[in-house]
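See below for the structure under consideration.
The values are calculated or read from the model by the stated rules, or taken from the named source; none is laboratory data. Quick caveat: nothing in here was measured; it's all calculated off a predicted structure. Note: ideal-geometry Cβ built from the backbone for every residue, glycine included; neighbour counts use all protein chains shown. Quick note on the areas: whole protein, heavy atoms, side chains included, nothing else; ligands and nucleic acids left out. Shrake-Rupley method; radii C 1.70, N 1.55, O 1.52, S 1.80 Å.
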Amino acid sequence: MVTVRKLEDLKREIKKVKANNLSIGFVPTMGYLHDGHKSLMERARKENDVVVASIFVNPIQFGPNEDYEEYPRDEEHDAKVCMEAGCDIVFMPQASEMYPDGFCTYVEVSGLTEVLCGAARPGHFKGVCTVVTKLFNLVRPDKAYFGQKDAQQLAVIRKMVSDLALGIEIVGCPIVREADGLAMSSRNSYLSADERQQALVLSQSLNIAEKLVRHGVRDVTYIRNEMVNHIGTAKSASLEYVDFVDPNSLMPVEKIEGEVLVAVAVKIGKTRLIDNKVVTG
Ligand code: PAF
């Protein structure tokens, strides 16, 4: 496994891969890797000749009052996970390498980015789309792997790749959960033991929705109320949203008909967590 930190070094490595006509699978991450990230890398390993991962806490996707400074970082651990998952090239740039003085070009997807997390985090998806485009231009992958946990991010990136004809296959991978149902996230490390227990209301509320749909309930208002009531049982929970949307357009739906993305965002204490499930009516 080769670790590179400079754009020029990454370009040189990618040039060698392309010269040998090998396919590239790319896994962009912000590090502090867990089994969710590892599953993306393992899938990329199976489907490509060469696997490239990036580890970069992208400052421009954090709002002014968000957790950029506190975001957990552990390069040594991340390198070990990348190695175990079979990555060939790991790109770990500094912010100044990605955004040198005078950087002023951004990529924005409208509409899809104004709902769900985008409503509460203005500018977040502009930061994501900009860094992902730059990384795509550097890595020139055939396929790129993203977790379904960030369902909105996945939909936004798919749209950006399609609108800009980037010619990269975007592979969405299933959410990886802890044994008790909590969706894996680097931000889970912020939770105290008590908050970690309370955080289960996210996945539990989604299970409630799934069960109601299985029993024939189609009315979104009814299902949302049941979910909100359950989330309210956690004393440190403050609800941001429980939304029912089309998985591709992210437009709200009134009834469960066909596939519906049920998405939740909840703060447990100071930690903002998201989770989702696709239900079918
Ligand atoms: O999902 C993430 O970890 C980030 O948003 C991404 C895609 C690596 C861009 O910084």
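Please verify whether E114 is within 16 Å of the ligand (Cβ to nearest atom), open to solvent by 10 Å² or more (accessible area, probe 1.4 Å) and part of a loop (DSSP other than H, G, I, E, B), treating the condition exactly as stated. Judged against the criteria, E114 is not a match. Of all the numbered requirements in (1) surrounded by 18 or more Cβ atoms within 10 Å (Cβ to Cβ); (2) under 18 Å from F26 (Cα atoms); (3) out of contact with any Ser or Thr (no Cβ under 7 Å at 6 or more places or on another chain), C173 misses one, and that requirement is (3). Screening E108 against (1) within 16 Å of the ligand (Cβ to nearest atom); (2) surrounded by fewer than 15 Cβ atoms within 10 Å (Cβ to Cβ); (3) of a type in the set (D, E, K, R); (4) not in a loop (DSSP other than H, G, I, E, B) leaves a single unmet condition, (4). The number of residues in the range 218-250 that are without any contact (Cβ under 8 Å) to a residue 40 or more places away in the chain, part of a loop (DSSP other than H, G, I, E, B), open to solvent by 50 Å² or more (accessible area, probe 1.4 Å) and of a type outside the set (D, E, K, R) comes to 2.
The residues of the range 88-106 that are touching a residue at least 40 places away in the same chain (Cβ under 8 Å) and either in contact with a His (Cβ under 6 Å, 6 or more places away or on another chain) or within 29 Å of E42 (Cα to Cα) (or both), listed by number, are D88, I89, V90, F91, M92, P93, Q94, E97, M98.
The residue pairs whose first member lies in the range 136-162 and is touching a residue at least 60 places away in the same chain (Cβ under 8 Å), whose second member is within 13 Å of the ligand (Cβ to nearest atom) and open to solvent by 50 Å² or more (accessible area, probe 1.4 Å), and whose beta carbons are closer than 9 Å, counting only pairs six or more residues apart or on different chains, are F146/R158.
Being more than 10 Å from the ligand (Cβ to nearest atom), farther than 27 Å from R177 by Cβ and open to solvent by 50 Å² or more (accessible area, probe 1.4 Å) is true for just one of L138, L164. Which residue is that? Being more than 10 Å from the ligand (Cβ to nearest atom), farther than 27 Å from R177 by Cβ and open to solvent by 50 Å² or more (accessible area, probe 1.4 Å) holds for just one of L138, L164, which is L164.
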